[in-house]
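A.B. asks: Before anything else, here's the structure in question.
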Amino acid sequence: MRLKNTFYVIGGGGALLVFAVPLLWALFRSVQPNDVIVSGPNASTFFHLTWDNFRTLIEGPGNLIRAVGNSLIVALSTAILTAVLATFAGYGFARFRFWSAPVLFALVVVSMMIPFQAILTPLYLEMNTLRLTDSLLGLVLFYTTVNLPFGVFVMRNSFASVPVELEDSAHVDGCGTLRMLGSVLRPLIMPGAATVALYAFLAAWTEFLGALTFLTKDELYTLPVALVNVQAGAYGEINFGSLVAGAVIAMIPCVILYIGLQRFYVTGLASGAVKG
C-alpha cells in the first residue's frame, strides 16, 4: 500500500509539473523586458522584472481592454446560449419519441466531425447576406452553432442517465415540463450543463479564425485577433514581451473557470461518454 501511494504521489507530481511549469514560465516571461526575452541567457539581466509589458498593452494603441471586453461578451453569451439550447434539444432527444429522432441525432453527431474551417466560405456568405458580419451578435450565433452539436450530445446523454420515474412523479404532482426542468432535473443535469457552458466559453474565448474572418472593425476585435496586432518596430518585428503578457491575460479567465467548474466538468464529460 505504501509503495502504491508512492507511485501515486510521483505520478501526480509529474503531471503537476507537466501542466504547471509552462504556465509559470509564461507568467515569469511576461514580467521580463522584450530585449531580455529575445537575447541569450544572461544571469545579470534574467531576473530583471518589470510590469512594462502589461502597461504597454493597456495604454497602447491596440486598446486591449476593449478587446478583452469584446471577448468576455462573446464568450459569456455563447456559453449561456449554447447551454440553454443544448439543454432543451438534449431533453427532446432523450425523452420524446418520434420516427426521425435517430436520424437527426446521428446528423448532430456527424456534424461534430466536420471542422467549421471546411465550410467557412459559405458561412461567411450566409452571414453577410443576413448582415451579421462586423457584429458581436453574429459572432455569438456563429460560435453557438459550432459548439451546439457537442452540447446536444452531452445533454442528451445527461438526461438519458436520469430515471424516467422521477419525471413521472413530478408530473403526477402537477409539475409542468419547464418547472420540472428548473426545479427537479436541474441539480441532476447541472454537471452536463456546466460542461457544455465551459466548453463553449473556452472555444469562443480562444477562437481566432472565425473572429478574423467575420470582423473587420478594430473596435470589435476579440482578444485573439487583437494579440496578433501586437507588433512594434520596423519590418514587423514582434514584441514577444507584450505577446506573452497578452497570453497571460487571456489564460486568466480560462484557469479560473476551469478550477471553479472542474468538479462539474469531469462529471459531465464522464456522463456524456458512458451514458445513453
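The values are calculated or read from the model by the stated rules, or taken from the named source; none is laboratory data. Values in this document were obtained by computation on a predicted structure and should not be read as measured data. Reconstructed Cβ throughout: ideal geometry from the backbone, glycine too, with neighbour counts over all protein chains shown. Accessible surface areas use protein heavy atoms only, side chains included; no ligands, DNA or RNA. Shrake-Rupley method; radii C 1.70, N 1.55, O 1.52, S 1.80 Å.
A.B. asks: Every residue in region 46-73 that is modelled with pLDDT of 80 or more, of a type in the set (A, V, I, L, M, F, W, C) and within 14 Å of Gly246 (Cβ to Cβ), please.
C.D. replies: Trp51, Phe54, Leu64, Ile65, Ala67, Val68
Rundown of residues vs (1) farther than 30 Å from Leu188 by Cα; (2) in contact (Cβ under 8 Å) with a residue 12 or more places away in the chain; (3) of a type in the set (D, E, K, R), yes/no style:
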residue	(1), (2), (3)
Leu3	yes, no, no
Trp25	yes, no, no
Leu85	no, yes, no
Gly90	no, yes, no
Ala106	no, no, no
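A.B. asks: Exactly one of these conditions fails for Leu23: (1) under 16 Å from Thr222 (Cα atoms); (2) modelled with pLDDT of 80 or more; (3) of a type in the set (A, V, I, L, M). Give me its number.
C.D. replies: For Leu23, the exception is condition (1).
A.B. asks: Only one of these is assigned to a helix (DSSP H, G or I), farther than 13 Å from Gly151 by Cβ and touching a Ser or Thr at 6+ places or on another chain (Cβ under 8 Å): Ala75, Ala67, Ala106. Name it.
C.D. replies: When all the criteria are applied, what remains is Ala67.
A.B. asks: Only one residue in Ala20, Ala83, Ala67, Ala94 is open to solvent by less than 50 Å² (accessible area, probe 1.4 Å) and under 21 Å from Pro224 (Cα atoms). Which one?
C.D. replies: Every option except Ala67 fails the conditions.
A.B. asks: Going through region 163-184 one residue at a time, which ones are in contact (Cβ under 8 Å) with a residue 60 or more places away in the chain and either under 30 Å from the mean Cα position of the chain (by Cα) or on the phi > 0 side of the Ramachandran plot (or both)?
C.D. replies: Leu181
A.B. asks: Hey, could you check region 97-125 for residues that are farther than 24 Å from Phe153 by Cβ and open to solvent by 90 Å² or more (accessible area, probe 1.4 Å) and say which is modelled with the lowest pLDDT?
C.D. replies: At the first step, the residues of region 97-125 found to be farther than 24 Å from Phe153 by Cβ are 121, 124-125.
From the residues that got through so far, the ones that are open to solvent by 90 Å² or more (accessible area, probe 1.4 Å) too are 121, 125.
Details: Thr121: 87, Leu125: 90.
Checking each candidate, the answer is Thr121.
A.B. asks: Does any residue in region 191-216 that is touching a residue at least 24 places away in the same chain (Cβ under 8 Å) come within less than 6 Å, Cβ to Cβ, of a residue that is open to solvent by less than 30 Å² (accessible area, probe 1.4 Å) and among the aromatic types (Phe, Trp, Tyr) six or more places away or on a different chain, and which pairs are these?
C.D. replies: Ala204/Tyr143; Gly210/Phe142
A.B. asks: Since Phe98 meets every condition but one in (1) over 25 Å from the mean Cα position of the chain (by Cα); (2) at positive phi, which condition does it not meet?
C.D. replies: With respect to (1) over 25 Å from the mean Cα position of the chain (by Cα); (2) at positive phi, Phe98 is out only on (2).
A.B. asks: Scanning for something among the acidic types (Asp, Glu) and modelled with pLDDT of 90 or more, does region 207-216 turn up at least one residue?
C.D. replies: yes
A.B. asks: Oh, and also: Do the conditions hold for Ala43, that is, is it at pLDDT below 85 and either open to solvent by less than 80 Å² (accessible area, probe 1.4 Å) or within 21 Å of Trp205 (Cα to Cα) (or both)?
C.D. replies: No: the conditions fail for Ala43.
A.B. asks: If you don't mind, there's one more thing I want to ask. For region 136-170, give me each residue that is among the hydroxyl-bearing types (Ser, Thr, Tyr) and open to solvent by less than 30 Å² (accessible area, probe 1.4 Å). Break it down into steps so the answer makes sense when it comes.
C.D. replies: Initially, region 136-170 is screened for residues among the hydroxyl-bearing types (Ser, Thr, Tyr), giving 143-145, 158, 161, 169.
Those that are among the hydroxyl-bearing types (Ser, Thr, Tyr) and open to solvent by less than 30 Å² (accessible area, probe 1.4 Å): Tyr143, Thr144, Ser158.
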